[in-house]
Amino acid sequence: MDDIDQAIAELMPQERRGKMLAGLLFGTLVGAATAAFLTSPSGDTTRESLRERGLELKDRAADLLRTWRSPL
């Protein structure tokens, strides 16, 4: 294990390791926040949204049909 630690120390000075760790932590936080905002809503929320949208479309279709059938 000492050989690996020595190789890492030669390849990457201490100050770069700190910056890399900070960048990794920042990237993890940004990724987690992005995932939280982009995930789908729960099934109940999705079903309610689809139901409301379906009712809106049904009302619009009924209005269009009434307009289409009514004499000018």
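Is the chain best put as rounded, prolate or oblate by its Cα gyration tensor, with a ≥ b ≥ c the root eigenvalues, rounded for a/c under 1.5, and otherwise prolate when a/b is larger than b/c, oblate when not? Prolate, since a/c reaches 1.5 and a/b exceeds b/c. Quick one: angle between helix 14-38 and the longest Cα principal axis of the chain, in degrees between 0 and 90, rounded to 10, please. Compared with the principal axis, the helix lies near 10 degrees. One chain, two ends: Arg53 and Ile8. Fully extended at 0.36 nm per residue, the span grows by 10.5 nm beyond their Cα-Cα distance. Once the Cα atoms are used to define both axes, helix 43-69 deviates from the longest principal axis of the chain by about 30 degrees.
Summed over qualifying helices (DSSP H, 4 residues or more, each -39500 (n - 2.57)) and divided by its residue number, the chain shows a 222 nm mean residue ellipticity of -30000 deg cm²/dmol. Relative to the longest principal axis of the Cα atoms of the chain, the long axis of helix 2-11 lies at roughly 70 degrees.
Anyone know which of Leu50, Leu29, Leu11 comes out most mobile in the 10 Å Cα GNM of the chain? Greatest mean-square fluctuation among the candidates belongs to Leu11.
Rule-based calculations on the coordinates, nothing more; no lab input. Just so it is clear, the structure is predicted and the values come from calculations on it, not from any experiment.
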